[in-house]
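Take a look at the structure below.
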Amino acid sequence: MAYVDEIMESVLKRNPGEPEFHQAVREILDSIAPVIAKHERDYREEKLLERIVEPERSISFRVCWTDDNGKVHVNRGYRTQFNSALGPYKGGIRFHPSVNRSIINFLGFEQIFKNALTGQAIGGGKGGADFNPRGKSDTEVMSFCQAFMSELFNYIGPNEDVPAGDIGVGGREIGYLYGAYKKFTHRWEGVLTGKGVGWGGSLARTEATGYGVVYITEEMLSHKGQSVAGKTAVVSGSGNVALYTIQKLQTLGAKVVTASDSDGFIYDEEGIDFAALREIKEGKRGRVKDYLAYRPHAEYFEDEKPWGVPCDLAFPCATQNELSLEGAQKLVANGCKSVTEGANMPTTREATDYLLGAGLDFLPGKAANAGGVAVSAIEMSQNASRQYRSFESVDNQLHDIMKGIFAQIQSACEDYNTVGNYVSGANIAGFRLVAKAMRAQGYV
Ligand code: GLU
């Protein structure tokens, strides 16, 4: 049996009931099979793949907190410190009822290769809790964050593990988590990223993931003599990634006609009013349906995803496995030419294979959404030097990083004869960097 197949079999056996983790591992192993085949004897001997699919450390813990009525709640918190070959563990914290070990492991595993592609000194990790911030008051969210950090602070540090936000964890939550960390440790240090500007946060971190998604799409299109300007785009989601993807697309002249949340999507044929959507989401913590009050001509489709809306470019920016085969078929049937993943693994494997087979350009999340974590690393370096940089300088560096990621993917594609398959290219390019560092650091 090929080495990659043996590893897949053992991952399935050793991690039962973790379908998302299996999916993420399978995709990487399929892509890197030709790289492994070239060095199979050495890698087998060194147990390189056995080590890469096993987190260095994985914790789960009880989070006990009290709501505004004095009622006690118990949630489960997680942190998977997956791989530190390239730097301190780095990756977000997700608060969402769907969070479980499988979700955290898949996200942590993806993060290793994504972070490698940024060219910054960051390893891969991920954390979270099955806590639902929706409908909770500020004091309840604070109480939860403090309880969560009362355990997590033992395992993190600016040179050890630096969490950040993800779904359900934005500026408000990072503030409460940071305050709690300081209280428990008596230290003001760069232990979390996505902090507020003025107290350790980096300018452009809020915008970074979405802007990066558009920068890499523009870079890809420019190689074909094209641009996002004048194109119609469908975006899913309405969180941080979706919002700033929409903003940057519009600045560069594209027309974005949709946004969504878990209840449905809005369609605005004149183009989404970014200021209105941002006010609804960031200001009022509302739902996309509220958009109709700002733009009565827009339409709301309850319980539907936006993939049936005709477009040139699609940007799944909501959550894992939101774009299924059926959605992908609709996109292709309606003339979509390119899909860029803003979320982590938003496209199912069947849908990815279908889109690639149909000849679409497909930029995978671990390359396309790496701008967020890249600017997190820039925030870490600002904290370490106790200096702040301007928005323009961070944004310019982000732009260069995204161009650099595309160049690395392309060169990996050329090396392994998979030109045009950016999924393979990203996985191979990320893996090569991590494997090189792991091999140099011995059997740990
Ligand atoms: N949660 C984001 C991601 O998926 C950002 C992580 C970070 O900034 O550390 O990459």
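Would you confirm whether or not the range 202-214 contains a residue that is within 24 Å of residue 393 (Cβ to Cβ), touching a helix residue (DSSP H, G or I) at 6+ places or on another chain (Cβ under 9 Å) and away from the ligand (no atom under 14 Å from the Cβ)? Step through it out loud before you land on a result.
First, pick out the residues of the range 202-214 that are within 24 Å of residue 393 (Cβ to Cβ): 202-214.
From what is left, the residues that are touching a helix residue (DSSP H, G or I) at 6+ places or on another chain (Cβ under 9 Å) are 202-214.
Right, trim to away from the ligand (no atom under 14 Å from the Cβ) and you get 203, 214.
Checked the range 202-214: at least one residue is within 24 Å of residue 393 (Cβ to Cβ), touching a helix residue (DSSP H, G or I) at 6+ places or on another chain (Cβ under 9 Å) and away from the ligand (no atom under 14 Å from the Cβ).
Residue by residue through the range 210-244, note down the ones that are part of a helix (DSSP H, G or I), polar (S, T, N, Q) and surrounded by 20 or more Cβ atoms within 10 Å (Cβ to Cβ).
Step one: list which residues in the range 210-244 are part of a helix (DSSP H, G or I), which gives 210-222, 240-244.
From the residues that got through so far, the ones that are polar (S, T, N, Q) too are 217, 222, 240.
The answer is 217, 240.
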Within the range 348-380, tally of residues that are under 13 Å from residue 315 (Cα atoms) and within 16 Å of the ligand (Cβ to nearest atom)
5
Any idea which of (1) of a type outside the set (Phe, Trp, Tyr); (2) in contact with a strand residue (DSSP E or B) (Cβ under 7 Å, 6 or more places away or on another chain); (3) not in a helix (DSSP H, G or I) is the one residue 444 doesn't satisfy?
(2)
When the residues of the range 102-125 are narrowed to those that are within 12 Å of the ligand (Cβ to nearest atom) and either part of a loop (DSSP other than H, G, I, E, B) or of a type in the set (Ser, Thr, Tyr) (or both), which ends up surrounded by the most Cβ atoms within 10 Å (Cβ to Cβ)?
118
Give me a count of the residues in the range 305-322 that are in contact with a strand residue (DSSP E or B) (Cβ under 6 Å, 6 or more places away or on another chain) and surrounded by fewer than 21 Cβ atoms within 10 Å (Cβ to Cβ).
1
Could you grab me the full set of residues in the range 236-260 that are touching a residue at least 40 places away in the same chain (Cβ under 8 Å) and of a type in the set (D, E, K, R)?
248
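Of all residues being at pLDDT 95 or above and not in a helix (DSSP H, G or I) in the range 134-155, which is surrounded by the most Cβ atoms within 10 Å (Cβ to Cβ)? Just the residue, please.
Step one: of the range 134-155, the residues at pLDDT 95 or above are 136-155.
If we keep only those that are not in a helix (DSSP H, G or I) as well, we get 136-137.
On the way: 136: 16, 137: 10.
Restricting to residues being at pLDDT 95 or above and not in a helix (DSSP H, G or I), the top hit is 136.
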With respect to residue 196, determine if the residue is surrounded by fewer than 17 Cβ atoms within 10 Å (Cβ to Cβ), modelled with pLDDT of 95 or more and under 22 Å from the mean Cα position of the chain (by Cα).
yes
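Identify, please: which residue in the range 199-209 is in a loop (DSSP other than H, G, I, E, B) and touching a residue at least 60 places away in the same chain (Cβ under 8 Å) and is, among those, nearest to the chain's Cα centre (by Cα)? Please lay out each step first, then the result.
As a first pass, look at the range 199-209 and keep what is in a loop (DSSP other than H, G, I, E, B): 199-200, 202-204.
This time we only want the ones that are touching a residue at least 60 places away in the same chain (Cβ under 8 Å), so: 200, 202-204.
Values: 200: 22, 202: 18, 203: 19, 204: 16 Å.
Restricting to residues being in a loop (DSSP other than H, G, I, E, B) and touching a residue at least 60 places away in the same chain (Cβ under 8 Å), the top hit is 204.
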Filtered residues of the range 57-101 (kept if within 16 Å of the ligand (Cβ to nearest atom) and not in a strand (DSSP E or B))
84, 86, 87, 88, 96, 98, 99
With 441, 387, 397, 410 as the choices, which residue is within 16 Å of the ligand (Cβ to nearest atom) and among the polar types (S, T, N, Q)?
397
Would you point out the residue of the range 149-194, among those that are touching a helix residue (DSSP H, G or I) at 6+ places or on another chain (Cβ under 9 Å) and of a type in the set (Lys, Arg), that is farthest from the ligand (Cβ to nearest atom)?
183
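Could you check the range 163-189 and list, in sequence order, the residues that are in a loop (DSSP other than H, G, I, E, B) and under 16 Å from the mean Cα position of the chain (by Cα)?
Our first condition is that a residue be in a loop (DSSP other than H, G, I, E, B); within the range 163-189, this holds for 165, 167-168, 170, 186-189.
Hits for the range 163-189 are 165, 167, 168, 170.
Could you please find all residues in the range 32-81 being small (Gly, Ala, Ser) and without any contact (Cβ under 8 Å) to a residue 60 or more places away in the chain?
In the first step, residues of the range 32-81 are kept if they are small (Gly, Ala, Ser); the result is 33, 37, 58, 60, 70, 77.
Once the filter is applied, which keeps residues that are small (Gly, Ala, Ser) and without any contact (Cβ under 8 Å) to a residue 60 or more places away in the chain, the range 32-81 yields 33, 37, 58, 60, 70.
The values are calculated or read from the model by the stated rules, or taken from the named source; none is laboratory data. Quick caveat: nothing in here was measured; it's all calculated off a predicted structure. As a convention, Cβ positions derive from the backbone with ideal geometry for all residues, glycine included, and neighbour counts pool all protein chains shown.
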